Amino acid sequence: MMKSVTLTCIINATSNYGESLGNVSSTHKVYKNGKEYAIRSRESLKNAICVQSGLYDDLQTSNDGVMQKLVTKDVNAATCKALEGGYMSTSKKEDGGLTYIRNSSFYLTDAVAVESFINDTRFHNNLYLAANFAKANGLNVQNDAVKVGLMPYQYEFDKSMKIYSITIDLEKIGVDDNFNAEASNEEKYNRVSSILDAVENLSLIVKGNLDNAEPIFVVGGMSPRKTHIFENSVAVNNGRLSIEPIKEKMSDIYSCAIIANNQLKNQDDIIRELNPDTIHNFFNNLKLQVRTYYGI
């Protein structure tokens with residue numbers, strides 16, 4: 001019996017940023033095999049998907065000493081799609097001081113670059129704004145740099161091929177055991193469909209720039225297992241997708257898709273060996289399977 005939707009995607013995307021030191025922003029990285037790899041963190045990916053899918057359209061927050069998602073008997077994961085990504089909520093003392101925990105119904109991995117990080121530093125300043133202020137206030141940019149707010153800054157830049165996985169627990173979508181509440185099957189389907197639409201057309205905003213993070217290759221589908229099936233099978237080395245590990249995991253229930261733009265150097269081998277569909281058809285077929293699963 002199918003229980004989840006699991007996908008592993010290759011995207012060409014920027015990293016998000018971790019710590020800053022002074023005016024220098026560094027990309028988020030992980031260390032493996034003795035090297036640094038730039039990443040788009042799972043938290044950043046999840047937030048982008050929740051916003052772009054519309055799950056956060058009905059998000060309500062409360063600040064009772066700590067900022068948290070608003071959760072009540074009437075506002076729960078069954079009635080509020082913004083809570084589909086999970087929550088931990090503590091009620092006020094006058095309401096009993098209860099703590100409610102509901103794990104997310106979909107899970108992501110970090111999107112990790114396929115090649116080790118090479119530092120590409122971008123240098124910027126706010127010279128135009130500072131000059132505008134200086135002119136309006138009779139100051140000189142060079143002599144009064146502090147007063148006019150002149151601020152040079154720099155940041156590491158990374159836009160590279162990255163791999164991440166997402167798995168959606170179909171049995172948990174729209175269900176909140178804390179309040180014995182459950183959404184209709186149509187609402188469950190709409191939530192899963194909106195997540196898949198966001199993954200298919202994902203955009204990210206980094207340092208004010210719009211970044212297309214749609215999959216250039218994706219593999220997966222409906223699955224009887226609630227895990228990232230292809231997480232350890234999808235790898236890119238020197239721009240070439242490793243085909244054999246994917247073939248070993250592929251079966252009648254899984255499929256794959258590719259944007260045939262030669263970003264993967266062995267595109268012809270991928271098409272011949274894996275028989276991929278187009279990205280759009282892949283996601284449309286997957287949504288039809290989810291619709292059948294929920295009986296609508």
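None of the figures in this text is laboratory data; all of them are computed from the coordinates on show. Bear in mind the structure is a predicted one, so any value in this text is a computation, not a measurement. Positions of Cβ are backbone-derived with ideal geometry, glycine not excepted, and every protein chain shown enters the neighbour counts.
Think of it as helices only: each DSSP H run of n ≥ 4 in the chain is worth -39500 (n - 2.57), and spread over all residues that comes to -7000 deg cm²/dmol at 222 nm.
Our coupling estimate for region 43-59, obtained by passing each phi through the Karplus curve with A = 6.51, B = -1.76, C = 1.60 and θ = phi - 60°, is 5, 5, 4, 5, 4, 4, 5, 5, 6, 6, 6, x, 4, 8, 4, 10, 5 Hz, Gly and Pro reported as x.
Between Met250, Met67, Met88, the residue with the greatest mean-square fluctuation in the GNM of the chain (Cα pairs under 10 Å linked by springs) is Met67. Between the amide H of Asp277 and those of Cys256, Ala257, Ile258, distances stay under 5 Å, these residues lying 5 or more places away or on another chain, with hydrogens modeled in the peptide plane.
Remark on Asn125: its backbone amide H falls under 5 Å from those of Tyr153, a criterion applied only to residues 5 or more positions apart or on other chains, H modelled at 1.01 Å from N.
For Phe117, the amide hydrogen comes within under 5 Å of the amide hydrogens of Glu36, Tyr37, Ala38, counting only partners 5 or more places away or on other chains and with H modelled in the peptide plane. With contacts taken as Cα pairs under 8 Å at a separation of at least 6 residues, the chain carries a relative contact order of 26 percent. Across region 163-176, rounded Karplus estimates of 3J(HN,Hα) from the backbone phi angles (6.51 cos²θ - 1.76 cosθ + 1.60, θ = phi - 60°) give 10, 9, 10, 9, 10, 10, 7, 5, 7, 9, 4, x, 10, 10 Hz, Gly and Pro being marked x. Taking 22 Å as the straight-line reach from the Cα of Lys159, the lysines in range (excluding those fewer than 8 positions away in the same chain) are Lys29, Lys32, Lys35, Lys46, Lys207, Lys265. Computed over the chain with a Gaussian network model linking Cα atoms closer than 10 Å, the most mobile of Asn33, Asn76, Asn238 is Asn33. In the frame of its principal axes, region 57-210 has Cα extents of 67, 47, 25 Å, reported largest first. Computed from phi, the 3J(HN,Hα) profile of region 228-241 under the Karplus parametrisation 6.51, -1.76, 1.60 (θ = phi - 60°) reads 7, 4, 9, 4, 9, 9, 9, 9, 10, 10, 6, x, 10, 6 Hz, with x in place of Gly and Pro. For the chain, the equivalent ellipsoid derived from the alpha-carbon gyration tensor has semi-axes of 37, 31, 16 Å in decreasing order.
Counting other Cβ atoms within 10 Å as a rough exposure proxy, the listed residues Thr8, Thr61 run Thr61, Thr8 from fewest neighbours to most. Note on the chain: with a GNM built from Cα contacts shorter than 10 Å, the maximum mean-square fluctuation among Gly220, Gly208, Gly239 falls on Gly208.
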